[in-house]
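Scroll down for the structure; my scribbles are underneath it.
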Amino acid sequence: MRFAPVLWGLLRGRWDYADDGVLDRTHLRFFTRSSIESLFIDTGYVVERCEGINNVVRVYPDRFSGHLRKLRHLLGDTQWTQYAVVARSG
């Protein structure tokens, strides 16, 4: 995912699929917090909660030194390896 237009979108919190190219709709799915919430909303669900789980600092402790642990709030949504969503039909 080192294609510049994809990275630019990802830095803005978007991971949008297209009709063709790297993010072709038929490829495996990857989500940002924003795009997973949109998936639920676009299919008629009401998102009650969307929370990051499996913090990268805890999942990969050897890759993060003590000072990065203290600054993990700067990682924003990139600190989560997964999201858990609670939604109900709308």
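Loop-located chymotrypsin sites (Phe, Trp or Tyr not before Pro) across segment 1-33 with a Cβ neighbour count of 15 or fewer within 10 Å are Phe3, Tyr17, Phe30, Phe31, with loop assigned by DSSP.
How high is the FRET efficiency between His73 and Ser34 when r is their beta carbon distance and R₀ equals 25 Å, given to the nearest 0.05? E(calc), rounded to 0.05, equals 0.85. The amide H of Trp15, built 1.01 Å from its N in the peptide plane, has Thr32, Ser35 as neighbours under 5 Å, considering only residues 5 or more places off or on other chains. The slack between Leu11 and Val46, meaning 0.36 nm per residue of separation minus the straight C-alpha distance, is 10.1 nm.
Where a number appears in this text, it was derived from the coordinates with a stated rule and is not lab data. Bear in mind that the values here come from a model prediction, so they are computed numbers and not experimental data. So basically every Cβ, Gly included, is an ideal-geometry build from the backbone, and we count neighbours across all protein chains shown.
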